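Working notes, structure below.
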């Protein structure tokens with residue numbers, strides 16, 4: 001895991017792919033629902049409003065953005081084929 005990944009996600013990009021993008025939820029409901037779940041978790045974390053919860057929200061939002069960017073990249077690749 002790089003220093004960037006540690007600061008941004010709290011895990012490696014590969015771990016984000018494995019734990020979120022290859023999850024059972026993806027197979028059942030799609031990546032959109034994974035992102036929605038992450039955003040829901042952020043809402044709950046915001047209610048506690050502590051320095052730790054704010055750091056967790058930031059990392060969770062970065063994971064959601066990472067997944068969205070991966071989805072966008074995949075869609076662009078499909079369009080060029």
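A few notes on this one:
- Distance histogram for the chain (every C-alpha pair counted, 10 angstrom bins, percent rounded to whole numbers): 18, 45, 30, 6, 1
- GNM result for the chain, Cα springs below 10 Å: residue of 57, 34, 26 fluctuating most strongly: 26
- Working from Cα pairs under 8 Å separated by at least six residues, relative contact order for the chain is 30 percent.
- Relative exposure of 41, 49, judged by other C-beta atoms within 10 Å (fewest first): 49, 41
Bear in mind these aren't lab numbers, they're just calculated from the coordinates by the rules spelled out. Quick caveat, the model's predicted, so the values are computed rather than measured. Quick reminder, even Gly has a Cβ in these numbers, built from the backbone with ideal geometry, and neighbours come from all protein chains shown.
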